[in-house]
1. Answer yes or no: is there a residue in segment 158-166 that is at pLDDT below 95 and out of contact with any Phe, Trp or Tyr (no Cβ under 6 Å at 6 or more places or on another chain).
2. Of a type in the set (D, E), modelled with pLDDT of 95 or more and touching a Pro at 6+ places or on another chain (Cβ under 7 Å): which single residue out of D149, D133, D138 fits that description?
3. Can you report the number of residues in segment 109-161 which are over 14 Å from L88 (Cβ atoms), within 14 Å of the ligand (Cβ to nearest atom), of a type outside the set (A, V, I, L, M) and not in a loop (DSSP other than H, G, I, E, B)?
4. Determine whether W168 is on the phi > 0 side of the Ramachandran plot and touching a residue at least 12 places away in the same chain (Cβ under 8 Å).
5. Is it the case that segment 34-55 has a residue that's under 30 Å from F152 (Cβ atoms), assigned to a helix (DSSP H, G or I) and of a type in the set (S, T, Y)?
6. So for segment 59-66 (the condition being under 18 Å from Y104 (Cα atoms) and out of contact with any Gly (no Cβ under 8 Å at 6 or more places or on another chain)), does at least one residue qualify?
7. Out of T90, T69, T20, T37, report the one residue that is among the hydroxyl-bearing types (S, T, Y), surrounded by fewer than 24 Cβ atoms within 10 Å (Cβ to Cβ) and within 14 Å of the ligand (Cβ to nearest atom).
Amino acid sequence: MSTFDLIRSDIESYCEAHSTPENELLYRLNRHTNLETLNPRMLSGQLQGVFLSFIAKMLSPKTILEIGTFTGYSALCLAEGLSEYGYLHTIEANEEYEERIKNYFSQSPLKNKIVLHIGKAEEIVPTLNETWDLVFIDADKENYQIFYDIVFPKVRKGGFILIDNTLWNGKVVREVAPNDKDTKSVMAFNDFVQNDNRVRNLLLPFRDGIMIVEKL
Ligand SMILES: C[S@@+](CC[C@H](N)C(=O)[O-])C[C@H]1O[C@@H](n2cnc3c(N)ncnc32)[C@H](O)[C@@H]1O
């Protein structure tokens, strides 16, 4: 761990201690994910969860799309901000997660507002006849551009897309190994958004980097 990482982890702990804690269901889901899955780091966690919940509450969207459910943590956080008759669709490619996602969603008071799709987002998004107010992209880094391209026409004007991990553990500002396809994809994607005159964008240096995009 570098000094930079140590400072960051100190700051992150301080921020966590001064942000609203997880509710009981999110706490259990976080714990379960850490104990029972192979890659628990993929979970958003408390700080990012509160952030997503705040963003959704501020926008009060009627429709939210999430690409990359994992165990369902971020979906539950985003759903907290849905408007009264709003709903959230979330897509997960790995069917091994299906049972545990359904188990945790079923324990949430928001369960009737959440629709889970198991399958590849590239195949499922085009079948959803919706206009999205808010989209959260948090899946396979190599496919970020594809996800962005397929959702973009379905985002309403003035709607928002959040794309996670756009700093990719700081690798976007270091020398890139020739075989590091994920870093190259994230960098190319960030460059694309920066030059996309259909949007306003902010690459927020929060956690692993969240690109916030507003469709003009
Ligand atoms: C970083 S995790 C998502 C974490 C989750 N959003 C959270 O914050 O708790 C990425 C997830 O995307 C899924 N995924 C990868 N490629 C996908 C695709 N093409 N379509 C849908 N899901 C995909 C992976 O199986 C994995 O569970």
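1. No.
2. Just a single option satisfies the conditions, and that option is D133.
3. The qualifying residues number 12.
4. Against the criterion (on the phi > 0 side of the Ramachandran plot and touching a residue at least 12 places away in the same chain (Cβ under 8 Å)), W168 qualifies.
5. Within segment 34-55, one or more residues are under 30 Å from F152 (Cβ atoms), assigned to a helix (DSSP H, G or I) and of a type in the set (S, T, Y).
6. yes
7. Answer to the check: T37.
The rows are residues; the columns are (1) touching a Cys at 6+ places or on another chain (Cβ under 9 Å); (2) within 13 Å of the ligand (Cβ to nearest atom); (3) over 28 Å from C15 (Cα atoms).
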site: L47; (1), (2), (3): yes, yes, no
site: A56; (1), (2), (3): yes, no, no
site: K62; (1), (2), (3): no, no, yes
site: E84; (1), (2), (3): no, no, yes
site: E96; (1), (2), (3): no, yes, yes
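The values are calculated or read from the model by the stated rules, or taken from the named source; none is laboratory data. Since we're looking at a predicted model, the values are computed, not measured. Every residue, glycine among them, receives a Cβ derived from its backbone with ideal geometry; neighbour counts consider all protein chains shown.
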